[in-house]
1. Which value in deg cm²/dmol, rounded to the nearest 500, describes the helix-derived mean residue ellipticity at 222 nm for the chain, given -39,500 (n - 2.57) per DSSP H run of n ≥ 4 and division by the residue count?
2. How high is the relative contact order of the chain, in percent, counting Cα pairs under 8 Å that sit 6 or more residues apart?
3. Suppose the chain between residue 191 and residue 115 were pulled fully straight at 0.36 nm per residue; how much longer would it get relative to their current alpha carbon spacing?
4. Quick one: 3J(HN,Hα) in Hz for region 164-176, Karplus 6.51/-1.76/1.60 with θ = phi - 60°, rounded, Gly and Pro as x.
5. Which loop trypsin sites (Lys or Arg not before Pro) in region 102-205, with loop taken from DSSP, have no more than 16 other Cβ atoms within 10 angstrom of their Cβ?
6. Within the chain, which is the longest segment containing none of the GluC sites (Glu not before Pro) that sit in a DSSP loop and have at most 15 other Cβ atoms within 10 Å?
7. Rolling a 1.4 Å sphere over the protein heavy atoms, what is the accessible area per residue of the chain, to the nearest Å²?
8. Set the Förster distance to 35 Å, then compute FRET efficiency between residue 23 and residue 93 from the Cβ-Cβ distance, nearest 0.05.
Amino acid sequence: MAESIALIDYGAGNLQSVRNALKAAGATDVAVTADPDVVARAGRIVLPGVGAFAHCMEGVSGIDGMVEALEQRVRRDAAPFLGICVGMQLLADEGVEHGSTKGLGWIGGTVRAIEAVSDLKVPHMGWNDVSVKGTHPVVRTGIAYFLHGYHFDAIDPAHVLATTDHGGPRVAAVAKDNILGVQFHPEKSQAYGIATLARFLEWRP
């Protein structure tokens, strides 16, 4: 039986593109779902995210039982988890876009605005390097597609798996045990993105 992937639908993700990319990477059972019971039984969980931190967090927490299902399946059962773009940012303690909004608090840090200084373009949009510290089974050094105006300011440098350069180093990926988040969009990153998702599907943390 194929391992089930729960792709969480909370009204703020580019779901069909992510679903298609997961299929291209080899997934055969991808459920686009807003049902906490489906999440609680899934073999792997993917949380996408597009837009403002506060809006995305309200979307996730607004689904009755979803945060609890995520806590159970990811934090306690240790199911492999992938957060994409704002889905990665929601792992932080808080985001400060449109005031302070509490995040999931799985990886310590704050999501802050990228300051528009000198000729730096904000949002950070387009292809850029992903530089991995050390080695990781899923994320490797390469070039990926980014689109974000806020960045993850992690408390513990050990949780920063990869960086990209945009007015200085910015977090491109965070990792802690079975939890992985990427700031870039694998579904828009062509061969690099599909290969990243394929490794996520094989990952046994």
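The values are calculated or read from the model by the stated rules, or taken from the named source; none is laboratory data. Just so it is clear, the structure is predicted and the values come from calculations on it, not from any experiment. Backbone-built Cβ (ideal geometry, glycine too); neighbour counts: all protein chains shown. For accessibility, only protein heavy atoms count, side chains too; no ligands or nucleic acids. Shrake-Rupley method; radii C 1.70, N 1.55, O 1.52, S 1.80 Å.
1. On the way: 6 runs with 47 residues, N = 205.
Value at 222 nm, helices only, nearest 500: -6000 deg cm²/dmol.
2. Details: 471 pairs, mean separation 40.7, N = 205.
Relative contact order here is 20 percent.
3. On the way: separation 76, 0.36 × 76 = 27.36 nm, distance 3.07 nm.
My answer for the length gained is 24.3 nm.
4. 10, 10, 8, x, x, x, 10, 5, 9, 7, 10, 8, 7
5. Numbers: sites: 102, 112, 121, 133, 140, 170, 176, 188, 199; in loops: 121, 133, 140.
Passing sites in region 102-205 are 121, 133, 140.
6. On the way: sites that count: 3, 115.
Result for the longest clean stretch: 4-114.
7. Details: 8840 Å² over 205 residues.
For the chain, the per-residue accessible area is 43 Å².
8. On the way: r = 34 Å, r/R0 = 0.96.
It comes out at approximately 0.55.
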